[in-house]
Amino acid sequence: MKKLALTLLILPAFCLLATAQTMPTADEVIDKYLAAIGGKKALMKVKDVTSEGSLQYDNALIKISLKRKAPAKAMTLITGDNGQLLYKFVTDGTSAVDVTQQGTNRQSEQNTRLSLMYNRFCPELVYKAESIKSTLEGKEPIDGQEAYKVTSTFADGTPFCTNYYDVATGLKVQTIIKWDQNRTATLKPSDYRAVDGVKIPFVSMYQENGGGVSKTQLNSVQINKGVSDTEFNVQ
């Protein structure tokens, strides 16, 4: 009877220990993700990425163009049927602006900091160089599949984002980023396809504050096309 009681006491502690031992670290989860999309060596060779596609929102289908250039230059352009500007985001790697038909708005220091990291081709690739600290928070189901939840912060403790990586494939399946007190965005990348040895998500679902969902569908992706720095001029 004593042996049975002792076994029952030890069993929960053993189960907790076994669970802890089988859980990877945040760095291991991130390394698996980098390997899943092509590996660090291949990713480091990516100097610029040009993507073209469509964005669907409220039954409207509009054109979207995205350009990324290492280390931290980015441009997103959304245009209407007649080529009219609907929205443009640009960062030269130092400052960032949002451009609409109403004019140009320079992003706040906080938003610029987030934008510079979030809009990189592969933020995880430079986490260590940028002193981004990541912590594994456990596992959660995302669209019916188990995913590791990893929170990342800047060196001073300021939150950057929360990423979810599929346990089986290692691929990133969701990102949550809080732009400010009033704006929280959720991005769900999917349909990863190989382009020059690197996997790119060709479909992304984007939602802010639990509102309407927009779907971006890429039609073409070109790597190392030789994008000019003039594409990222901030005025």
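Rounded, prolate or oblate, given the Cα gyration tensor of segment 39-141, with a/c below 1.5 counting as rounded?
prolate
Does the chain classify as rounded, prolate or oblate by the C-alpha gyration tensor (a ≥ b ≥ c root eigenvalues; a/c under 1.5 gives rounded; else a/b over b/c gives prolate, otherwise oblate)?
prolate
List every DSSP H helix in the chain whose Cα atoms extend 18 Å or more along the helix's own long axis and whose mean Kyte-Doolittle hydropathy is at least 1.0.
Numbers: long enough: 2-22 (30 Å, 1.36).
For the chain, where a helix must reach 18 Å along its axis and average at least 1.0, the hits are 2-22.
At 0.36 nm per residue, minus the direct Cα-Cα distance, what do Thr135 and Ser65 gain on full extension? Give it in nm, one decimal, please.
Details: separation 70, 0.36 × 70 = 25.20 nm, distance 3.29 nm.
Fully extending the segment from Thr135 to Ser65 adds 21.9 nm.
Which of Met117, Met205 has the fewest other C-beta atoms within 10 Å, and how do the rest follow up to the most?
On the way: Met117 19, Met205 15.
In increasing order of surrounding Cβ atoms, one gets Met205, Met117.
Calculate the translational D of segment 136-223 in whole µm² s⁻¹ from Stokes-Einstein, where the hydrodynamic radius comes from the Kirkwood formula applied to all Cα pairs, the temperature is 37 °C and the viscosity 0.692 mPa s.
231
For segment 60-105, what class follows from the C-alpha gyration tensor (a ≥ b ≥ c being the square roots of its eigenvalues): rounded when a/c is under 1.5, otherwise prolate if a/b is larger than b/c, else oblate?
oblate
For labels at Asn219 and Asp156 in the simple 7 Å Cα→Cβ model, what's the distance in nm?
A separation of 4.3 nm, rounded to one decimal place.
Using Cα pairs closer than 8 Å and at least 6 residues apart in sequence, work out the relative contact order for segment 25-232, in percent.
Relative contact order, segment 25-232: 22 percent.
Let me check I've understood the local charge: for Ile200, count other residues with C-beta under 12 angstrom from its C-beta, Lys and Arg +1, Asp and Glu -1. What total comes out?
Summing Lys/Arg as +1 and Asp/Glu as -1 gives +2.
List residues of segment 101-127, by number, whose backbone nitrogen lies under 18 Å from a label position 7 Å along Cα→C-beta of Thr94.
The answer is 106-117, whose backbone nitrogens lie closer than 18 Å to the label point.
Helix-derived [θ] at 222 nm for the chain: sum -39500 (n - 2.57) over DSSP H runs of at least 4, divide by residue count, nearest 500?
Details: 4 runs with 47 residues, N = 235.
Calculated from helices alone, the mean residue ellipticity at 222 nm is -6000 deg cm²/dmol.
Every read-out reported here was derived from the displayed coordinates using simple, explicitly stated rules and does not represent laboratory data. Bear in mind the structure is a predicted one, so any value in this text is a computation, not a measurement. Using ideal geometry, Cβ is built from the backbone for each residue, glycine included, and neighbour counts are taken over all protein chains shown.
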